[in-house]
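Asker: There's a structure below that I have some questions on.
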Amino acid sequence: MIQFHCPCCATLMIFPRTKMGTSFYCPRSGARLTVPDHARICHSEDWLERWTPWEMLVFITRLATGRKLRLLACGCCRLCGVADDLPELAALLQLTEHLADQEECRADLLAAHARVSRTERGPPGDAEGWLTQAGRAMVRCTMLSDARLAAGATFHHALHTHGTLRSATREKLRGLLFEIFGNPFTPVALEPACMAWQGGKVRTMAQQIYAERAFRELPILADALEEAGCEQAGLLAHLRAAQTHLRGCWALDLLLTLPAQTV
Ligand SMILES: [Zn+2]
Ligand SMILES: [Zn+2]
């Protein structure tokens with residue numbers, strides 16, 4: 001991937017290397033541009049230190065699956081606390097997270113979504129707090145059929161509507177991107193023997209934690225993984241980190257997707 005700034009509006013542009021020399025329109029200024037031949041290649045330090053959360057999002061939407069982007073959108077709502085005091089919105093978020101894994105259930109889930117949405121709404125004309133309305137709109141964005149749009153829209157909400165603590169919000173978003181994607185420049189490979197250990201115990205534990213959202217048990221999973229012979233310090237440290245973990249957590253996802261066959 002390569003990066004350069006739009007000469008008209010200075011927005012960071014990120015493209016696959018194969019796009020060098022092709023023309024496009026800047027989504028912000030509308031200027032017709034050509035992807036320069038001398039554009040800088042994207043590096044790990046850009047992701048870890050240089051980019052703003054928005055720029056990180058632009059980069060990651062070029063690589064991420066729809067599932068990850070939808071979970072990112074849900075995480076964004078959780079991070080803003082929009083569902084904390086509203087069981088109705090919490091239920092909608094859970095449904096959307098389910099949608100990320102079960103895209104084929106889309107119609108059923110949308111129907112359930114509409115039902116939940118209707119039942120707990122106050123009488124017509126009832127003055128609803130502005131933040132509640134904003135939260136509702138934000139959660140609705142997570143359901144957009146295009147997962148890339150869902151992630152972009154919730155990010156926009158987080159930065160603008162819930163941006164009362166701007167710099168804090170930016171840091172939280174950065175943390176969220178690290179939680180879901182880790183460092184995309186240094187993929188972690190796990191020794192296959194770890195997944196085969198005790199008949200695939202690590203995988204079973206990971207599946208249970210994911211299904212029950214029992215993220216508090218991730219350090220126990222890390223212990224098991226270490227016992228299984230894992231020497232990936234970064235992976236173990238992430239599972240043990242006392243931070244908020246969510247569906248889509250890169251470390252848990254890694255354990256969920258690796259085959260549990262014997263070596
Ligand atoms: Zn521009
Ligand atoms: Zn995590």
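The values are calculated or read from the model by the stated rules, or taken from the named source; none is laboratory data. Predicted model only: the values in this text are computed from it and were never measured. Cβ: placed from backbone, ideal geometry, glycine included. Neighbour counts: every protein chain shown.
Asker: The conditions are (1) within 15 Å of ligand 2 (Cβ to nearest atom); (2) aliphatic (A, V, I, L, M); (3) free of Cβ contacts under 8 Å to residues at least 40 places away in the same chain; (4) surrounded by 13 or more Cβ atoms within 10 Å (Cβ to Cβ), and LEU177 fails exactly one of them. Which is it?
Answerer: (3)
Asker: Looking at region 87-100, which of its residues are buried (at least 18 other Cβ atoms within 10 Å of the Cβ) and either touching a strand residue (DSSP E or B) at 6+ places or on another chain (Cβ under 6 Å) or not hydroxyl-bearing (Ser, Thr, Tyr) (or both)? Outline the logic, then answer.
Answerer: Pass one, region 87-100, residues buried (at least 18 other Cβ atoms within 10 Å of the Cβ): 89, 91-93, 95-97, 99-100.
Answer for region 87-100, where residues must be buried (at least 18 other Cβ atoms within 10 Å of the Cβ) and either touching a strand residue (DSSP E or B) at 6+ places or on another chain (Cβ under 6 Å) or not hydroxyl-bearing (Ser, Thr, Tyr) (or both): LEU89, ALA91, LEU92, LEU93, LEU95, GLU97, LEU99, ALA100.
Asker: Has region 215-224 got at least one residue that is aromatic (Phe, Trp, Tyr), within 16 Å of ligand 2 (Cβ to nearest atom) and surrounded by 14 or more Cβ atoms within 10 Å (Cβ to Cβ)? Don't jump to the end; show me each part of the working.
Answerer: Of region 215-224, the ones aromatic (Phe, Trp, Tyr) are 215.
Cutting the leftovers down to within 16 Å of ligand 2 (Cβ to nearest atom) gives us 215.
Those still in the list that are surrounded by 14 or more Cβ atoms within 10 Å (Cβ to Cβ) too: 215.
Checking region 215-224: at least one residue is aromatic (Phe, Trp, Tyr), within 16 Å of ligand 2 (Cβ to nearest atom) and surrounded by 14 or more Cβ atoms within 10 Å (Cβ to Cβ).
Asker: Then there is this: Tell me, which helices (runs of 4 or more DSSP H) lie completely within region 36-114 with 2 or more residues that are basic (Lys, Arg) and at negative phi?
Answerer: 66-79
Asker: Take ALA251 and tell me if it is surrounded by 16 or more Cβ atoms within 10 Å (Cβ to Cβ), free of Cβ contacts under 8 Å to residues at least 60 places away in the same chain and within 16 Å of ligand 2 (Cβ to nearest atom). Give the derivation first.
Answerer: Numbers: surrounded by 16 or more Cβ atoms within 10 Å (Cβ to Cβ): yes; free of Cβ contacts under 8 Å to residues at least 60 places away in the same chain: no; within 16 Å of ligand 2 (Cβ to nearest atom): yes.
It is false that ALA251 is surrounded by 16 or more Cβ atoms within 10 Å (Cβ to Cβ), free of Cβ contacts under 8 Å to residues at least 60 places away in the same chain and within 16 Å of ligand 2 (Cβ to nearest atom).
Asker: Any chance region 234-244 includes a residue that's out of contact with any strand residue (DSSP E or B) (no Cβ under 6 Å at 6 or more places or on another chain), of a type in the set (Ser, Thr, Tyr) and in contact (Cβ under 8 Å) with a residue 12 or more places away in the chain?
Answerer: yes
Asker: Which of the following residues is closer than 26 Å to LEU95 by Cα and not acidic (Asp, Glu): ARG40, ARG62?
Answerer: On the way: ARG40 fails: closer than 26 Å to LEU95 by Cα.
Matching residue, one of ARG40, ARG62: ARG62.
Asker: Restricting to region 225-241, what's the tally of residues that are surrounded by fewer than 21 Cβ atoms within 10 Å (Cβ to Cβ) and within 16 Å of ligand 2 (Cβ to nearest atom)?
Answerer: Start the filter on region 225-241 by keeping residues that are surrounded by fewer than 21 Cβ atoms within 10 Å (Cβ to Cβ), which leaves 226-229, 231-234, 236-237, 240-241.
When the remaining residues are screened for being within 16 Å of ligand 2 (Cβ to nearest atom), the result is 232-234, 236-237, 240-241.
Number satisfying all stated conditions: 7.
Asker: Can you name every residue in region 200-231 that is touching a residue at least 40 places away in the same chain (Cβ under 8 Å) and more than 30 Å from ALA91 (Cβ to Cβ)?
Answerer: Across region 200-231, the qualifying residues are GLY200, VAL202, CYS230, GLU231.
Asker: Could we say that THR132 is modelled with pLDDT of 90 or more and among the hydroxyl-bearing types (Ser, Thr, Tyr) here?
Answerer: Values: modelled with pLDDT of 90 or more: no; among the hydroxyl-bearing types (Ser, Thr, Tyr): yes.
In short, no.
Asker: For region 41-53, enumerate the residues that are surrounded by fewer than 16 Cβ atoms within 10 Å (Cβ to Cβ) and in contact with a helix residue (DSSP H, G or I) (Cβ under 9 Å, 6 or more places away or on another chain). I'd like the intermediate steps shown before the answer.
Answerer: Of all residues in region 41-53, those surrounded by fewer than 16 Cβ atoms within 10 Å (Cβ to Cβ) come to 41, 43-45, 48-50, 52.
Residues satisfying the conditions are ILE41, HIS43, LEU48, THR52.
Asker: Same structure again: Taking region 1-34 as the region of interest, how many residues are more than 8 Å from ligand 1 (Cβ to nearest atom), over 27 Å from the mean Cα position of the chain (by Cα), outside any strand (DSSP E or B) and surrounded by fewer than 12 Cβ atoms within 10 Å (Cβ to Cβ)?
Answerer: 2
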